[in-house]
Structures are given as structure tokens and as C-alpha cells.
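The structure appears below as C-alpha cells.
The values are calculated or read from the model by the stated rules, or taken from the named source; none is laboratory data. Keep in mind that this is a model prediction, so the values were computed, not measured. Positions of Cβ are backbone-derived with ideal geometry, glycine not excepted, and every protein chain shown enters the neighbour counts. Side chains included, ligands, DNA and RNA excluded: accessible areas come from the protein's heavy atoms. Shrake-Rupley method; radii C 1.70, N 1.55, O 1.52, S 1.80 Å.
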Amino acid sequence: MRLIDFNLSTADLQQTLPLYWELTTNQIWPIQSVTLVDHQLVLVASKSALPLTLDQFNARTRQIDGQTQLCIQTPPRPRRLFGYRLSQQRLLFG
């Protein structure tokens, strides 16, 4: 998923929604930060962190090219993200 696609699809959502990565069903980790690596926007999840909100995510990515691909940090390298869903007032990447 490209950053511009994500931004357009979430423009009308509540900006206080927390962001999470869904590893498996019922196992979610908060997205704690974003990093630009090799023309990819890498989301970093941590089991014990406070999640970024949609508003914080937008503020941190405002200057990044919309064609940038969204990824999640996984060993040994980042994995591309293809979508998200809303569940219980949370935005879940998966």
C-alpha cells in the first residue's frame, strides 16, 4: 500500500484512532514509530509501547512522497503492507 492510498482512505476517519499491527488473529502490537528506509516508510511495532494515533502518523509523514510504500519492520527485513481494517476503535495493519 502506498502512503497516498492510505492517506486518502483514512482522511475521514477519527484522527485519534490508535495504530496497531496485527501479527495473527487476536495478537496485536502498537505501532510506536515510523522510519524512512530505502524509499520505504517502515512502521515499527513494539509489544510494550504506546501506539501512535492517526493524527501523529499524519504529522510525521506529511513531507514524505505519497508514492512511498508502507512496510512493517520484521526480521530479517521490512515486509510490505497491503491494507488495514478497523476493529474496536483501532486501526489494524495486517
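Brief remarks on what is shown
- The Rg/Rh ratio of the chain, with Rg taken over Cα atoms and Rh as the Kirkwood radius over Cα pairs, comes to 0.92.
- In order along segment 39-47, the phi-based Karplus estimate (6.51 cos²θ - 1.76 cosθ + 1.60, θ = phi - 60°) of 3J(HN,Hα) comes to 6, 10, 8, 9, 8, 10, 9, 9, 4 Hz; Gly and Pro are listed as x.
- DSSP assigns beta bridges within segment 1-91; of those with both partners inside it, close to 75 percent run antiparallel.
- With each label modelled as a point 7 angstrom along the Cα→C-beta vector, the Thr35-Met1 pair spans 2.2 nm.
- For the chain: accessible area per residue (Å², 1.4 Å): 61 Å²
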